[in-house]
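Following: one structure in structure tokens, then a few remarks.
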Amino acid sequence: MSLAAIQSRLTAACAAHGRTPESVQLIAVSKVQPLDRVVGVLDQGHRLFGENYVQEAQAKWPDLRARFGAVQVHMIGPLQTNKAKLAVDLFDAIHTVDRPSLAEKLAKLAQTRGSSPQLFIQVNTGAEPQKAGILPNDTDAFITQCRAMDLAVQGLMCIPPEGTDPAPHFAMLADMAARNGLSGLSMGMSSDFEVAIAHGATHIRVGSAIFGARDYG
Ligand SMILES: *Cc1c(COP(=O)(O)O)cnc(C)c1O
């Protein structure tokens, strides 16, 4: 696969569901990828990336932004509260608001700074014990809690359980977003982004299908 191949699959999936390609943002997930692959995708003009680790992003993106100009970088990995300040300085969006203590910290930072990255609440749609995210039954209340802190929430994010049909998880997330008046839906990865587009994804997070397999060494 390649960036161009993924872009044409994105366009085809949008066409099949009566959507415009502009309604879906393709986040190229560059975590753990060798720099030359990331530069290759930047050279092709792509300007939206996703990272999972604050430190890795900090080591990579200030230089790349200086070289390539305006690049958006979204945080899609778990965020420790003590890295929240670094994260709001570094990222244009955080997709992993997954607990009240983090929401409170982000709300305080937003107040001090007068601005905030875009925020997505991570929902543990499969209610998996080992996975981060707000449980589906608690999500409406958590959104209300965030709004009471004046925290601007853009949308919801999920990672469906491995080895199951993702469609019901995407449908659940879309339903929760709609009933709470949220327009953003961060869902869909290399293996299932077309299904996510069919269910209304506004942000798809695609790594290995663009860059090749990750080597964690
Ligand atoms: C790594 C990661 C991705 C990208 O996964 P691929 O299967 O390589 O497309 C997407 N979302 C999250 C949250 C990730 O951690």
Practice problem: Per DSSP H run of at least 4 residues, take -39500 (n - 2.57); add these up for the chain, divide by its residues and hand me the 222 nm value, nearest 500 deg cm²/dmol. | Solution: -13000 deg cm²/dmol
Quiz prompt | Phi-based couplings in Hz for the stretch 144-153 (Karplus 6.51, -1.76, 1.60; Gly and Pro marked x) | solution = 4, 4, 4, 5, 5, 8, 6, 8, 7, 9
Quiz prompt | Mean Cβ count within 10 Å, highest first, over the residues of peptides 107-115, 206-214 | solution = 206-214, 107-115
Quiz item: Where a ≥ b ≥ c are the square roots of the eigenvalues of the C-alpha gyration tensor, would you call the stretch 1-105 rounded, which needs a/c under 1.5, or, failing that, prolate if a/b is larger than b/c, or oblate?
Solution: oblate
Exercise. With a probe of 1.4 Å, find how much accessible area the stretch 3-211 has per residue, and write the answer as a whole number in Å².
Key: 43
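Grab the eigenvalues of the alpha-carbon gyration tensor for the chain, scale each by 5, take roots, and send me the semi-axes largest first in whole angstrom. Provide the component values of the computation, followed by the final result.
Values: eigenvalues 126, 101, 48 Å².
The three semi-axes for the chain are 25, 23, 16 Å.
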Quiz item: Order of 167-173, 141-147 by packing, highest average Cβ count within 10 Å first?
Solution: 167-173, 141-147
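In square nanometres and to one decimal, what's the mean projected area of the convex hull around the Cα atoms of the stretch 111-186? Please report the intermediate quantities before stating the final value.
Values: hull surface 21.7 nm².
Convex hull of Cα atoms, orientation-averaged projection: 5.4 nm².
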Quiz item: Using heavy-atom solvent-accessible surface (probe 1.4 Å) with all chains present, what is the largest-first order of 216, 53?
Solution: 216, 53
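The values are calculated or read from the model by the stated rules, or taken from the named source; none is laboratory data. These numbers come from a predicted model, not from an experiment. As a convention, Cβ positions derive from the backbone with ideal geometry for all residues, glycine included, and neighbour counts pool all protein chains shown. Each accessible area value is taken on the protein alone, full model and side chains, heavy atoms only, with ligands, DNA and RNA left out. Shrake-Rupley method; radii C 1.70, N 1.55, O 1.52, S 1.80 Å.
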